[in-house]
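Student: So that we are looking at the same thing, I have put the structure below in structure tokens.
No value in this document is a laboratory result; all are computed from the given coordinates. From a predicted model like this one, the values you see are computed outputs, not experimental measurements.
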Amino acid sequence: MPRSVLNNTVIPLLRQLTKKLGPQQAKNELRWMADHVRKAIPTKHTAEHATSARLWRDQPAPSAEETEVASKRFSSVQWAWLRQAVHDRVETNKPLQYILGTQPFGNASLLTRAPVLIPRWETEEWVLKLSDMIRAENTGLLNILD
């Protein structure tokens with residue numbers, strides 16, 4: 001396989017993560033990173049650009065399948081971000097929450113960045129349990145202060 005094709009697949013990134021995290025965790029984290037990069041860094045090229053370029057060259061318009069495949073490809077900027085994110089995760093042990101910039105917490109999504117501490121899953125469980133207990137015991141208006 002040519003080097004350019006190999007460099008633009010997720011296989012090398014998945015291998016790096018798997019060595020560090022194990023296969024299942026690596027798949028999950030790479031999927032989360034890929035989802036994040038698709039949302040955070042939009043691609044410049046859209047299906048309309050591809051269609052107009054092909055029609056301008058007297059080629060048939062792309063099929064629905066070709067358009068769907070093209071929409072799943074990463075741009076060069078997205079690839080660069082993804083490679084850097086995997087490097088940060090593997091080489092510098094940067095927490096995934098700092099890479100993605102968020103941490104789910106109950107129904108909320110907390111913004112995270114260094115040096116802010118990342119809430120643990122146990123904290124989330126305790127907060128949710130405590131809020132359920134307070135709601136069950138008190139039917140009136142609650143004012144809670146830190």
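Student: Short version: ³J(HN,Hα) in whole Hz for each residue of the stretch 19-35, in order, from phi by Karplus 6.51 cos²θ - 1.76 cosθ + 1.60 (θ = phi - 60°), x for Gly and Pro, what are they?
Tutor: Coupling constants for the stretch 19-35: 4, 8, 10, x, x, 5, 5, 4, 4, 4, 5, 5, 5, 5, 5, 5, 4 Hz.
Student: Let me ask something additional. Ordered by residue, what ³J(HN,Hα) values in Hz, to whole numbers, does the stretch 88-94 give under the Karplus form 6.51 cos²θ - 1.76 cosθ + 1.60, where θ = phi - 60° and Gly and Pro are x?
Tutor: 4, 5, 7, 7, 10, 6, 5
Student: Starting from the amide H of T102, placed 1.01 Å from N in the peptide plane, find each other amide H under 5 Å away whose residue is 5 or more places distant or on another chain.
Tutor: Those lying under 5 Å, H to H, from T102 are T112.
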